[in-house]
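See structure below.
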Amino acid sequence: MCYTVRMDNVYDVIVVGGGIAGYSAALTLKSLKRQTLWLGAELFGGKLLSAEYVRNYPGFSGNGAAFAARLREQMEREGISFTRARADGVYAGEPFTVTAGEQTFFAHAVILATGVSQRGAVKGEEAFLGRGVSYCAVCDGALYRGKVIAAVVASEKYAEEVEYLAGFAKEVHAFCLYRDARFHAGNITVHPQAPLAVEGGLRAEALALKDGRLPVDGVFLLRDAAPPAALVGGLAAEDGHVQTDRAMRTNLAGLFAAGDVTGRPYQYVKAAGEGLTAAYSAHAYLSEKQP
Ligand SMILES: Cc1cc2nc3c(=O)[nH]c(=O)nc-3n(C[C@H](O)[C@H](O)[C@H](O)COP(=O)(O)OP(=O)(O)OC[C@H]3O[C@@H](n4cnc5c(N)ncnc54)[C@H](O)[C@@H]3O)c2cc1C
C-alpha cells in the first residue's frame, strides 16, 4: 500500500470498536485531550442491547437497552463523537493506517476494542486466513470472479454482502445462522446449517458438512468480529484473543487492546476498565514519543 500522509491528518489515537471498551477508551482520551477518532461498525449495538438484565455493573441495574441509553446520554453530555465504519485492516507503522472500505485513517496509536464473536466461527478458519478464507466481502470479493464461494452468515445484516459476492461468483453457498434467509440473486443457495470445518491443503478447498463435503474456491465468514490477527498483521494472539500485558500493550509498539478481544471474563466492567487502561497507556506512549 502506498500513501502520501499529511501529518495534520493524523489523529493521536484511533479507537476501533463501538462497545463499552471502545467508549471507555474514547472518554478517557477526551479527558486527556488527545485527538481521537472513535470508530465502529455500530454504536452500543448487538451485545449491549441483548443483555436481559445487567446486575453486575457498579451503579447500574437494568436491561441492556437502558444501559445503552445511559451511555448515549453521557456521550452527548461529554461531546464524544462516533464514526460508523467497519475497519478491515490495521497496518502498524508511523503512522498507523486503518482502512474501512474506501476510507483510510491515520493515527500515531491504535486501541483495538473489537470484542469477540463466537457465533459463526468455523473450525480451521484461522489456519486458512489469507489462503481462501476472508472476513470482508468488499475487500476480497473480486478475487473470486466466476468461482464457487461459501459464506457463513451470522445475521441478516450481512445479507447485502452475500448479494455483493453473488455479483462476482459463479455460485454462492450461503450458510445462514438466522431464520428465513432470502436473497434476490439467482446464484445463491441457502443452507440452513452451520458447516463443521474448513478443509484444504495449501488453500481452503472445501467445507466439511454434517452430510458430506462441499468443494469451494473461497470461504467468507461474515460476522461482527473477526479474529484480531485477521485485522492486524503480525499481532500476537492466542485462541482468538489479543495477547497484552497489564498496561494493555500488545506486541506491536503503539497498538493497545481492551475488552472481550483480550480474553475472559467477558464482562462490561472488565471491558470498561481495560478501555481506560489502554487509553492511559496510549497517552503515555505518545507523551514519550512527542514530549
Ligand atoms: C446476551 C448477553 C448478555 C450479557 N450480559 C452481561 C451482563 O449482564 N453483565 C456483563 O458484565 N456482561 C454481560 N455480557 C457481556 C458483555 O456484553 C461484554 O463483555 C461486553 O459487551 C464487551 O464489551 P467490548 O466493548 O469489549 O465488546 P463488544 O460489546 O462486543 O463491542 C465491540 C464492538 O466492536 C465492533 N467491531 C468488531 N469488529 C470491528 C471492526 N473490524 N471495525 C469496527 N468495529 C468492529 C462490533 O460491532 C461491536 O460493536 C453479556 C453478553 C451477552 C451476549
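Restricting segment 122-165 to residues that are free of Cβ contacts under 8 Å to residues at least 40 places away in the same chain, under 22 Å from residue 41 (Cβ atoms) and over 19 Å from the mean Cα position of the chain (by Cα) leaves a set whose member that is surrounded by the most Cβ atoms within 10 Å (Cβ to Cβ) is 164. Of everything in segment 233-286 that is within 16 Å of residue 108 (Cβ to Cβ) and assigned to a strand (DSSP E or B), the residue that is farthest from the chain's Cα centre (by Cα) is 249. Scanning segment 190-200 turns up no residue that is outside any loop (DSSP other than H, G, I, E, B) and out of contact with any strand residue (DSSP E or B) (no Cβ under 7 Å at 6 or more places or on another chain). Per this entry, residue 230 is counted among residues that are in the same structural domain as residue 261 (by TED's automatic domain parsing), crowded, with 17+ Cβ neighbours inside 10 Å and either part of a strand (DSSP E or B) or within 16 Å of the ligand (Cβ to nearest atom) (or both). Where strands (runs of 3 or more DSSP E) sit wholly within segment 1-99, those with at least 1 residues that are modelled with pLDDT of 95 or more, in contact with a Ser or Thr (Cβ under 7 Å, 6 or more places away or on another chain) and more than 10 Å from the ligand (Cβ to nearest atom) occupy 10-16, 36-40, 89-91.
The values are calculated or read from the model by the stated rules, or taken from the named source; none is laboratory data. Here the structure is a predicted model, which means the values were calculated and not measured. In this analysis, Cβ positions are derived from the backbone assuming ideal geometry, glycine residues included, and neighbour counts consider all displayed protein chains.
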